[in-house]
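For reference, the structure is listed below as structure tokens.
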Amino acid sequence: MDTQEILRALSTLRVPAAPGEYDLHRMVAEAFQAAGLPCEHEYRLAPRRRIDFFVGGVGVEIKKGRPNARDLLMQVRRYLECDQLREIVVVTQRDTPLPARVLGKRVICVSLSRLWGVAL
């Protein structure tokens, strides 16, 4: 799976100001479906490690609002310890700083507020 296809699908999202997290999940699933990207929702990587979406070796984790960067980094690290993932895309409503690589695997951050062209 080409990560650029995943990013193109995510770039089509136009999310209302205060959606629920499950609304975000639904919108992301619809964007993947419209782009013809097969994905698995709530994919189990390992016991107690369930990522929001698995798209051909790429994990997609969705966070509402602006999550705590340290906690999110710990979660991303746990996910990337799993061999099934070659990289992860973290989708947040607001920018959350994360390193570009964790455990040698790429981490891509997508801020939904930036898709609107507005920095909140």
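Taking only the C-alpha atoms of region 1-75, Rg followed by Dmax gives 12.6, 34 Å. Among 61, 87, 42, the largest mean-square fluctuation in a Gaussian network model of the chain (Cα springs under 10 Å) belongs to 42. Taking max minus min of the alpha-carbon positions on each principal axis, region 21-113 gives extents of 31, 29, 22 Å, largest first.
Write down the percent of antiparallel bridges among all DSSP beta bridges whose residues are both part of the chain, to the nearest 5.
On the way: 10 of 22 bridges.
The answer is about 45 percent antiparallel.
The accessible-area ordering, largest first, of the residues 22, 43, 79 stands as 22, 43, 79, per a 1.4 angstrom probe. Rolling a 1.4 Å probe across the protein heavy atoms gives the chain an accessible surface of 55 Å² per residue.
Expressed as a whole percentage, what fraction of the accessible surface of the chain belongs to carbon and sulfur atoms when a 1.4 Å probe is rolled over the protein heavy atoms?
Details: 3300 of 6550 Å².
That share works out to 50 percent.
The values are calculated or read from the model by the stated rules, or taken from the named source; none is laboratory data. Model, not experiment: these values are computed from the prediction. To get the accessible areas, we keep the full protein, side chains included, count just its heavy atoms, and leave off ligands, DNA and RNA. Shrake-Rupley method; radii C 1.70, N 1.55, O 1.52, S 1.80 Å.
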